[in-house]
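The structure appears right after this line, and notes come after that.
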Amino acid sequence: MKRLWLLMWFAGFVLAAVGGAAAAQEVVVGTSVALTGKYDRTGREQLQGFQMWVEEVNARGGLLGRKVRLVHYDDESKPETGAKLYEKLITDDKVDLLIGPYSSDVTMAASTVAEKHNFPMVSSGASASEIWERGFKNIFGLYTLAETYMDQILEFGKSKGLKKIALVYENTAFPRGVASGVKAKAKSLGMQVVYEEEYGKASTDFTSMIVKIKARKPDMIVGGSYLPDSTAFVRQAKENRLTAKIFAFAVGPGLPDFGKNLGLDAEGVMGNTQWEPTLNIPGAREFADKYKAKHGHEPGYHAGGGYGAGQVLEAAVKKAGATDRDKVRQALFDLDTVTAFGRFKVDATGKQVGKPGYTVQWIDGERHVVLPASAATRKIVYPFKDWAKR
Amino acid sequence: MSVRQLAVAAALVAAAAALPLVASEYHQSFMLQLFMMVALAQAWNLISGMTGYVSFGHAAFFGIGAYAGALLLQYGFPWWLAVVKGALIAAAVSAPIGLLTLRLRGPYFAIAMLGLNEVARIVATLWVDLTRGGSGISLSPALLPGLSVNYYTMLLLAIAATALVAWIHRGRFGLELRAIREDEGAAEMVGVNTVRNKLSAFVLSAAIPGAVGAVFVMYTSYLNPSSAFAASLNIQMIVMVMFGGTGTVWGPVLGAGIVMLVREFLWAQFPALHLALLGAMLLVVVLFLPGGVMSVFARRKRMRPEVITRESR
């Protein structure tokens, strides 16, 4: 028995020594993403995109000649769990670099922890502008802001002489950001929001709202939405024969399920995307092909963002020549680079200003980029076809 | 409390107080969460363990305290005042609610409390001017005290909650509460003021989560309606108390300690399964040790007619 204890002690020391030696040659990158809870699917895609970068960077010889090791946890889609996990990543796992979680609300919590430790964090899964309005110095975004999501569509509407907008949105952080952006943009374009209504999370009955909207005869219907609510709204708009020249929704139309669930009714509906594999960005197609070969489906922008976040970190560490927090932070502020996810350039608050957003439209059963014209894969279809003539 | 129990308590407190000198920040923040659960479990034990009025909505008071704390910190109040007011506001809210709901018996009270937590969450979501709704409140690090302040405050709350339960448990108030649990009608017949007793226990058991919520928000720095009024928190309080031993002084401490430690070891290995494994553990305890882990110790104690000596005093 005594000998066994001795042996175990010895083994423990050897392991500790080996572990210590290995750690010195590694760059440890930490992140938490939702693997359970309501952001499960999008969080998983983001992680898969990020893992692909880790494999590739190691195949290239690592960062600064050191191997990259990923430590990740499941934040259960909850801000409070995210806060605890980033505390753990920084103080217990003692990671060298940080990648942000998925969703704006978990990022709100996680970025406060990073700020407290003065630890720079590259965020690939958050777009609510409030995150960058708190005077923090350590949160660097990849996503175009929620407030700008509808800008291109509104400008397009203006060019067609449209004036009246009906605006509906869910009452959580991201959709409210989309809505405040629409209101500001409409004002600057001299357009008028003739109807506005906020609805509760998980609402799927919009009939009474649609009846009220009909009375105002808007030219455009704009929704700050996710997938289930935008799908339900379009279905009920058809049932109630709500007509307008443009129908545009956040998040929903950017996902394959939107076309799958609505079929012909999805035709002509516009939406937004942060990134598409078809964009003319160096590396985008290659990443999409490799991702598809590995996971069996085309990557959406969540996977693209995870991969891009890795590339941004890589560029920043190379520029800094070290993983030192202060040097990496400065490098992230100075960086102006193009990853497979698009251009990365932040302002003095760390918010993304280099990457444009894109507008998609459902045409002939497929999702196509239609705006800006330089990135378009199809010409925009206008006006929105009558429900009966499809 | 016997001399031996006092000695154990003193040793535990001394160890917890000395821990920040040696432990890493991560271990400190784990212990902070443990203290939080001890305090919350004791609060639940105070109303549900002692009187038998099972509350499925105690997270409501936690959330109210958390929101009160977050807002007061933002208005520039010092952190200790935010904690004290968090407790007072939760207690103030609980009094009228207790007056209404404590008339309900059995499952009706449990369901009313479950509803209270849901209503509180909806109010926090819709009252955008005050709570910023679903966007949540993010506190600037400059407003927040350091980890050691949060650590000792949470430790103090855990000790205070346990001491309160111990004190009530050995006194006349505790006896009356347990009389209500065993047979409320009979207790009333022999002259126990059931309304006053139940209400006092309820208000005390709401003040503790109120204070805990305020410290919690100082620790996580971000609060939204779903994290303040989390249904999972209700379940955790109940599970920990049942695990350790309902209506006892040490049960909630033991239950919170065991459950938190087991979770800590399980969640990294089995992200999706760890709650299911905890559920299985709880089933085993409920089936084979209905009195919780404490009943293993209590078996010896039953030989000593403590209650009778106390009565004759």
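The values are calculated or read from the model by the stated rules, or taken from the named source; none is laboratory data. Note that the structure is a prediction, hence the values are computed from the model and not measured. So basically every Cβ, Gly included, is an ideal-geometry build from the backbone, and we count neighbours across all protein chains shown. The area values use the complete protein model at the heavy-atom level, side chains included, leaving out ligands, DNA and RNA. Shrake-Rupley method; radii C 1.70, N 1.55, O 1.52, S 1.80 Å.
Assuming charge only on the beta carbon of Lys and Arg (+1) and of Asp and Glu (-1), the dipole of the range B:3-312 about its Cα centre is about 640 debye to the nearest 20. Of the three principal axes defined by the Cα atoms of chain A, the extents in descending order read 85, 44, 42 Å. Each label point is 7 Å from the Cα along the Cα-to-Cβ direction; what then is the distance between the points at B:ILE258 and A:ASP386, in nm? Modelled inter-label distance: 7.3 nm. Listed by chain and number, the aspartates and glutamates placed with their C-alpha closer than 20 angstrom to that of A:LYS327 are A:GLU26, A:ASP96, A:GLU115, A:GLU314, A:ASP336, A:ASP347; residues fewer than eight positions away on the same chain are left out. Element breakdown for chain B at a 1.4 angstrom probe: carbon and sulfur atoms account for 72% of the accessible area. When chain B is treated as a GNM with alpha-carbon contacts under 10 Å, the residue of B:ARG103, B:ARG181, B:ARG121 showing the greatest mean-square fluctuation is B:ARG103. Histogrammed with a bin width of 5 Å, the alpha carbon distances of the range A:224-272 distribute as 5, 23, 40, 25, 7 percent, first bin at zero. Tilt of helix A:227-239 relative to the longest C-alpha principal axis of chain A, in degrees (0 to 90, nearest 10)? For helix A:227-239, the angle is close to 10 degrees.
Note on A:LEU264 and B:ALA160: their simple-model spin labels are 6.8 nm apart, each label 7 Å out from Cα toward Cβ. For chain A, the 222 nm mean residue ellipticity estimated from helices alone, with every DSSP H stretch of n ≥ 4 adding -39500 (n - 2.57) and the total spread over all residues, rounds to -14000 deg cm²/dmol. Taking the convex hull of the alpha carbon positions in the protein assembly as shown and averaging its projected area over all directions gives 35.7 nm². Label positions at A:VAL353 and A:GLU56, each projected 7 Å from the Cα along the C-beta direction, are separated by 2.8 nm. Taking the square roots of five times each eigenvalue of the Cα gyration tensor of the range B:1-158, the equivalent ellipsoid has semi-axes of 29, 25, 12 Å, listed largest first. Using the empirical formula 2.2 N^0.38 Å as the baseline, the Cα radius of gyration of the range A:255-390 reaches a ratio of 1.26.
Can you compute the charge dipole magnitude of the range B:111-191 about its Cα centre, using +1 on each Lys and Arg Cβ and -1 on each Asp and Glu Cβ, nothing else charged? Give it in debye, rounded to the nearest 20.
Once rounded to the nearest 20, the dipole reads 320 debye.
Give me the Debye-computed log₁₀ of I(q)/I(0) at q = 0.13 Å⁻¹ for the range B:3-312, equal point scatterers on Cα only, no solvent, two decimals. Cα-only, vacuum Debye calculation for the range B:3-312: -0.95. Note on chain B: GNM, Cα springs under 10 Å; of B:ALA112, B:ALA206, B:ALA18, the largest mean-square fluctuation is that of B:ALA18.
Given a 1.4 Å probe and heavy atoms of the protein chains only, how would you sort B:ILE97, B:ILE159, largest accessible area at the top? Could the numbers behind the result be given before it?
On the way: B:ILE97 35, B:ILE159 60 Å².
So the residues, ranked largest to smallest area, are B:ILE159, B:ILE97.
Here A:LYS78 is the anchor, and the lysines within straight C-alpha reach of less than 21 Å, apart from those fewer than 8 places off in the same chain, are A:LYS38, A:LYS88, A:LYS116, A:LYS201.
For A:LYS379, the lysines whose Cα comes closer than 25 Å to its Cα, not counting residues fewer than 8 places off in the same chain, are A:LYS158, A:LYS160, A:LYS163, A:LYS164, A:LYS185, A:LYS238, A:LYS245, A:LYS260, A:LYS355, A:LYS389. Just going by the charge dipole of the range A:52-91, with Lys and Arg at +1 and Asp and Glu at -1 on Cβ, which of A:GLY61, A:VAL71, A:GLY82 is farthest out on the positive end? Result: A:GLY61, furthest along the dipole toward the positive end.
Checking an interface number: how much accessible area is buried between A and B, summed over both chains, with a 1.4 Å probe, in Å² rounded to 100?
Numbers: alone 17000 and 15380 Å², together 30120 Å².
Summing both chains' loss of accessible area gives about 2300 Å².
For peptide B:22-33, compute the average count of partner chain beta-carbon atoms within 10 Å of each residue's beta-carbon.
Working: counts 0, 0, 3, 6, 9, 2, 2, 6, 4, 0, 1, 1.
Across B:22-33, the average partner-chain Cβ count within 10 Å equals 3.
Projecting the Cα atoms of B:ALA23, B:PHE288, B:ALA186 onto the dipole axis of the range B:3-312, where Lys and Arg carry +1 and Asp and Glu carry -1 at the beta carbon, places B:ALA186 farthest toward the positive end. Mind checking which of A:LYS327, A:LYS163, A:LYS187 has the largest fluctuation in a GNM of chain A, springs on alpha carbons under 10 Å? Between A:LYS327, A:LYS163, A:LYS187, it is A:LYS187 that shows the largest mean-square fluctuation.
Please work out how much length the chain gains when fully extended from B:GLU188 to B:ARG103, using 0.36 nm per residue of separation minus the C-alpha to C-alpha distance, in nm with one decimal. Each step should come with its number before you reach the end.
Working: separation 85, 0.36 × 85 = 30.60 nm, distance 1.36 nm.
Full extension from B:GLU188 to B:ARG103 adds 29.2 nm.
Of all beta bridges DSSP finds with both residues in the protein assembly as shown, what is the antiparallel percent, to the nearest 5? If we restrict to bridges inside the protein assembly as shown, about 30 percent are antiparallel. Here the contact order of the range A:268-390, divided by its residue count and restricted to Cα pairs under 8 Å and six or more residues apart, works out to 27 percent.
Dividing the helix sum by the residues of chain B, where each DSSP H run of 4 or more adds -39500 (n - 2.57), gives a mean residue ellipticity at 222 nm of -25000 deg cm²/dmol.
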